[in-house]
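Notes for the one structure printed next.
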Amino acid sequence: MYLTGQLLIAMPTMTDPRFERTVIYLCAHNDEGAMGLVVNKPMASITFTELLDQLDIPAGEPAMMDQLVLFGGPVESGRGFVLHSGDFVREGTMMVDEEALGDGVALTATLDILRAIADGQGPRCHALALGYAGWAPGQLDGEMQANGWLTAPADESILFDRDLSTKWERAIAKLGISPAMLSGESGHA
């Protein structure tokens, strides 16, 4: 069972500091491995305006300059990805889930989308991340069997709103449970 388009939620017992209390949107999950973006951890080292300056992209619409830059994961941390609503599709855009959120969820990793966002012409909803989380074939499945992750359906607020500090709790609440109810022990019949 592949989980593309789902949220991956770190169990409370996750000890890896890179993934502790993370919510990851799975952009790809198949027999070749998995790739996702952390949607609830900010990058402390760079602002959107600084990123545009580094890329020689002119700052456009002033209201767009306060965009968050997220820590997308520990792999290729210098590479940028924009997770966004499906109303913005250009060359290089990959549709992750065409049915989610009304117009779908897409992923674009080109400079064109950053220019469009800076000018106020980008997608309706978006999240910019540097780096990604990646798993080799079978690795994520093993981590899930070891009780490292939960999954839940994605929704627009968890993917795109700016309230990063509550996304982990809200993602778990989508399952109808409290973090205090979760155990690090996996059960066996």
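Quick notes on this one:
- Of all residues in the range 30-38, at least one satisfies being surrounded by fewer than 13 Cβ atoms within 10 Å (Cβ to Cβ), among the acidic types (Asp, Glu), assigned to a loop (DSSP other than H, G, I, E, B) and touching a Pro at 6+ places or on another chain (Cβ under 9 Å).
- The range 94-124 - residue that is among the β-branched types (Val, Ile, Thr), part of a strand (DSSP E or B) and out of contact with any helix residue (DSSP H, G or I) (no Cβ under 8 Å at 6 or more places or on another chain) and, of those, nearest to His29 (Cα to Cα): Val96
- Answer residue from the range 139-154, given it is without any contact (Cβ under 8 Å) to a residue 40 or more places away in the chain and not charged (D, E, K, R) and is nearest to Thr49 (Cα to Cα) among those: Met144
- Test: residue in the range 176-188 that is surrounded by 17 or more Cβ atoms within 10 Å (Cβ to Cβ), hydroxyl-bearing (Ser, Thr, Tyr) and either under 13 Å from the mean Cα position of the chain (by Cα) or at pLDDT below 90 (or both): no
- Flag for Phe81 being in contact with a Lys or Arg (Cβ under 7 Å, 6 or more places away or on another chain), surrounded by 20 or more Cβ atoms within 10 Å (Cβ to Cβ) and either acidic (Asp, Glu) or within 24 Å of Glu156 (Cα to Cα) (or both): no
- One residue stands out in the range 130-163 among those that are part of a strand (DSSP E or B) and aliphatic (A, V, I, L, M): the one that is surrounded by the most Cβ atoms within 10 Å (Cβ to Cβ), namely Ala133.
- Yes/no for Ala127 being in a strand (DSSP E or B), buried (at least 22 other Cβ atoms within 10 Å of the Cβ) and either modelled with pLDDT of 95 or more or of a type in the set (S, T, N, Q) (or both): no
- Check on Leu111, closer than 30 Å to Asp56 by Cα and free of Cβ contacts under 8 Å to residues at least 60 places away in the same chain: yes
Condition check ((1) surrounded by 14 or more Cβ atoms within 10 Å (Cβ to Cβ); (2) under 24 Å from Gln54 (Cα atoms); (3) among the charged types (D, E, K, R)) across all residues:
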position: Asp87; (1), (2), (3): yes, no, yes
position: Gly92; (1), (2), (3): no, yes, no
position: Gly102; (1), (2), (3): no, no, no
position: Val105; (1), (2), (3): yes, no, no
position: Thr108; (1), (2), (3): yes, yes, no
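- Taken across the range 52-74, residues that are in contact with a Leu (Cβ under 6 Å, 6 or more places away or on another chain), of a type outside the set (Val, Ile, Thr) and assigned to a strand (DSSP E or B) do not occur at all.
The values are calculated or read from the model by the stated rules, or taken from the named source; none is laboratory data. Treat the numbers as computed from the prediction; the structure is a model and nothing was measured. All Cβ positions, glycine included, derive from the backbone under ideal geometry; neighbour counts span all protein chains shown.
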